[in-house]
Every structure is written in C-alpha cells, then in structure tokens.
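Below: one structure, written as structure tokens.
The values are calculated or read from the model by the stated rules, or taken from the named source; none is laboratory data. The structure presented is a predicted model; accordingly, all values stated were derived computationally and were not measured. Here the Cβ positions follow ideal geometry from the backbone for every residue, glycine too, while neighbour counts run over all protein chains shown.
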Amino acid sequence: MFVDVAKIFIKAGRGGDGAVAFHREKYVASGGPDGGDGGRGGNIVFAVDDHMSTLLDFRYKRKYAASAGQNGAGKRCYGRDGEDLVIKVPRGTLIKDAKSGAILHDMSDSRPFIAARGGRGGWGNCHFATPTRQTPRFAKPGTDGEEREIQLELKLLADVGLLGFPNVGKSTLLSTVSAARPKIANYHFTTLTPNLGVVSVDDTSFVMADIPGIIEGASEGAGLGHDFLRHIDRCRLLVHIVDISGIEGRDPVEDFNIINEELRRYNADLASRPQIVAGNKADIVQDEAAAEKFKEYIEGLGLAYFTISAATRSGVDDLMREVAARLASLPPIAVYEDQIMESPEEESADELAVYKEDGAFYVEAKWIPKLIESINFGDRESLQYFQRVLRKKGVVDRLSELGADEGDTVVMCGVEFDFVP
C-alpha cells in the first residue's frame, strides 16, 4: 500500500530532576551540598532511509515519545541523558507543523533533523550554595520536552515527471527506458501509485516518475490525480504523453489542454514548468491527419514534440536524449526552506496573569508550576529563594498594584500563600 500523507504526535523526553543531597564522610565536617544535576531528555530525530518509499508505517503507529533523562543523585552524580528516538522516513518527506502547516524541514538530504528537543535536566542543590546559604535544601526539577503534532507529506524526488491521461503509455515508457517494472495493462488506472525509474543516457542519468493518470477535475479531487499531483511539484521537467492513435476516439489536442488546465488550477508554477510533448502509440495510428494536426498544434506553441511508440521503442531514444540535454541546463531539484517557528510555550513563557476573585488574588504563569515544584517549603532558605524569584518576575509589584495587603491570600497552582510585600 502506498501512503504519502500521515499525521503523528511526537513528544521529546522530560529532563531528570536535580538531587538534594549533602556530602557525608567520616572525619569531614560540614561536607556541604553535593546533589547532582538531572540528565537531558531524549530528542525526537528524523532521519532519511533510502530503503523506504512510503509512509505506511505511520498509519499504524501515531504516537512517538523519547525517553526521559535520569534524575541526579548524591556525590554530584549527574543523571544519564535520555536516549534520542530516531524516526526513519523516505527521502523527500516534508515535515510540517500540523496546526499551522509551516514546513519544519525538508528531508531531501541525509542530515538528521531534530523535530522536538528534550527537556533540560534540573540543577542539583550543589548549584545553590552561597556564602550565606551553605545548606540549600532544594533543587530544580527537569523541564518537559517539546511536543507537537506533525504532518508528514512525501513528495517524490524526481527530475522528470510523466504526465498524461490514463492508459496513454506512461508506464510502458518508464519500463522501456529504465529497470522499473510498473503494472501494465490495457485499461484505465492500471497504475495506482507513483513509480520511479533511473534512466541512463550516454554518460548521464536522471530519475523519472510515472504519475498515476490525471483526469479532468483532478485538481478538485476527481480520479487519482488529486492524490498524486504533489509528486510532480519538485520535477524539473515534465514529459507530457498523449495518445495519438485515436483508438479510443479521443482528441489529442483536447486531452493536452485538459491536463495543462488541471496543472494550472493545482499550482500555477507547474503549468509554466518546462515541458516536452510525446505523441505515443504511433505504431497503431488510425487517423494520420489528426496526428499531424496535433504535431503542428504543439510546435505552434513553441514546445518540443516527439512522435514515439513506447511499445516498439521507436523514437524513444531521441526523446530521452532531448530530456537529458534539457536537464543539463535546468536548476537542481527544489528543496523547501525551513519555516522557523517559535513554540507556543516559548511565545507565552513570560506571560503573567494576576487577578482578584472572591477576596483572593490569583497568579498564573507557565513558569510557576516548575518553580513551586523546586521549592522545599519546610526550609527557610528555600522560601527566601522563592520570594526572590517572585520579586524578580514582577509578581509582588503586580499584587501591590491590585491592592494586596500583608496577610492577604495569594493562590498559585492551587496552593495558598500569605502575601508578604
């Protein structure tokens, strides 16, 4: 089964918590704090696997989570970092943010991409020792890893895309000029998935893609074309195959214009992409005059035209040499640039909400739960640290502006405190 779109949820590992510990050794008085730091959480990493050609694996597994970092320990033992989770995808896969649609990365090269970073490990209490606070009884917890919903979209990496109505001979041509073996039969929609083949011409080679038959209305969802039009987005050159035999009673000129109109509706850039036209099935032409009229029409548009028979290979070599010559002067396959996104957590990290309700004052901010988690409320020095952070973040000033007096109730994360200005 060919699957080229998938949606998954990824979550990087949480960082390990810092440790609260003190050095205890015989004959060593007041050894001091020696709690180690927590380890970093594992990242979610995407890597290219050239043996994959579909996103089928992501249809059955949709949630991916990396391992958490290990907690710190005494004797300044740092926790082990969480192991990165590597997710393999086919070359040419676009990694998008499912919510905004922004392209996070184009997996067209072999470099791994970190889609979600693991949380930082928390500091152990050894970091909080000062000349006036020699026995800190608190440490910092690890932070949560990044998480997001990802849209995976496979866009084949091919130099040349074969266009045309169903049953015009695209698969036959691909099997003739390359080692690809697509399904071939004398009925419409024989090809249900894109096929790739490597074509060698003299001392050069290029990749050709056989795109399943596009019909009228494909840009709006008709037939199979709406599923696979994306796979010609990267093609540097289009070879438009038209059936000139007349066996099915179709007008080659009309077929040619319909396909190009669908390209224009789907993506205006595709309609202006360099194009070579090949009149196929020349060995069984029923109406020579109609075939000649089509040739004149195409040449009148300024496009290169080749009369071929993919079944007998007549004219195919000349067509492939022209394709190779045109590719030599065209820019390389397009690679999409990353659209840098700021995570929602970063955007609202410093937002502070302070309001009064039912006689109590409420304080809300992203960083407050982590701060409260790191405080030992039974330790005076830890409470002093808590108070300093609140002053630095502007919480005390905001409460005073709202009219809070000493002893008033302040609620943070469901925990009640007495206000101390």
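Could you go through the stretch 25-33 and let me know if any residue there is modelled with pLDDT of 90 or more and surrounded by fewer than 21 Cβ atoms within 10 Å (Cβ to Cβ). Within the stretch 25-33, none of the residues are modelled with pLDDT of 90 or more and surrounded by fewer than 21 Cβ atoms within 10 Å (Cβ to Cβ).
Residues that are within 24 Å of MET320 (Cα to Cα) and either of a type in the set (A, V, I, L, M, F, W, C) or under 43 Å from the mean Cα position of the chain (by Cα) (or both) within the stretch 243-268 comprise ASP243, ILE244, PRO252, VAL253, ASP255, PHE256, ASN257, ILE259, ASN260, LEU263, listed in sequence order. Here the condition is being in the same structural domain as ARG62 (by TED's automatic domain parsing) and at pLDDT below 90; of ASP97, ASP109, it holds for ASP109 alone.
LEU330 satisfies every condition listed in (1) assigned to a loop (DSSP other than H, G, I, E, B); (2) at pLDDT 90 or above; (3) under 42 Å from the mean Cα position of the chain (by Cα); (4) farther than 30 Å from HIS231 by Cα except (4). Of all the listed residues (ALA291, ALA310, ALA304, ALA271), the sole one being of a type in the set (A, V, I, L, M), more than 40 Å from the chain's Cα centre (by Cα) and either over 28 Å from SER205 (Cα atoms) or surrounded by 14 or more Cβ atoms within 10 Å (Cβ to Cβ) (or both) is ALA291.
The set of residues from the stretch 237-257 being in contact (Cβ under 8 Å) with a residue 24 or more places away in the chain, surrounded by fewer than 17 Cβ atoms within 10 Å (Cβ to Cβ) and assigned to a helix (DSSP H, G or I) comprises just one member, VAL253. Of the residues making up the stretch 59-75, not one is buried (at least 18 other Cβ atoms within 10 Å of the Cβ) and at positive phi. Residues in the stretch 390-408 that are exposed (fewer than 15 other Cβ atoms within 10 Å of the Cβ) and either within 28 Å of CYS126 (Cβ to Cβ) or in contact with a Gly (Cβ under 7 Å, 6 or more places away or on another chain) (or both): ARG391, LYS392.
Taking the criterion of being under 40 Å from the mean Cα position of the chain (by Cα), surrounded by 12 or more Cβ atoms within 10 Å (Cβ to Cβ) and not in a strand (DSSP E or B), the only residue of the stretch 412-421 that qualifies is CYS413. May I ask you to list the residues in the stretch 397-411 that are of a type in the set (Asp, Glu) and not in a loop (DSSP other than H, G, I, E, B)? If the condition is that a residue be of a type in the set (Asp, Glu) and not in a loop (DSSP other than H, G, I, E, B), then ASP397, GLU401 are the ones that fit. For the stretch 380-389, a residue qualifies if it is under 42 Å from the mean Cα position of the chain (by Cα) and either surrounded by 12 or more Cβ atoms within 10 Å (Cβ to Cβ) or in contact (Cβ under 8 Å) with a residue 24 or more places away in the chain (or both), and the qualifying residues are TYR385, PHE386, VAL389.
Within the stretch 276-290, which residues are over 14 Å from GLU248 (Cβ atoms) and either touching a residue at least 60 places away in the same chain (Cβ under 8 Å) or not in a strand (DSSP E or B) (or both)? Scanning the stretch 276-290 gives ALA278, ALA282, ASP283, GLU288, ALA289.
Conditions tested, residue by residue: (1) over 21 Å from ILE372 (Cα atoms); (2) more than 18 Å from the chain's Cα centre (by Cα).
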residue	(1), (2)
GLY42	yes, yes
HIS51	yes, yes
ARG59	yes, no
ALA66	yes, no
ARG120	no, yes
PHE128	no, yes
PHE138	no, yes
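Looking at the structure I just gave you, is ALA158 touching a residue at least 40 places away in the same chain (Cβ under 8 Å), farther than 30 Å from ALA325 by Cα and crowded, with 21+ Cβ neighbours inside 10 Å? Here the answer is no, as ALA158 does not meet what is asked. Within the stretch 46-58, the set of residues being surrounded by 13 or more Cβ atoms within 10 Å (Cβ to Cβ) and of a type outside the set (Val, Ile, Thr) comprises PHE46, ALA47, ASP49, MET52, SER53, LEU55, LEU56, ASP57, PHE58. Candidates in the stretch 64-76 are the residues that are of a type outside the set (Gly, Ala, Ser) and at pLDDT below 95; of these, the one that is nearest to ASP106 (Cα to Cα) is ARG76. There is no residue in the stretch 92-112 that is over 23 Å from TYR60 (Cα atoms) and touching a His at 6+ places or on another chain (Cβ under 6 Å).
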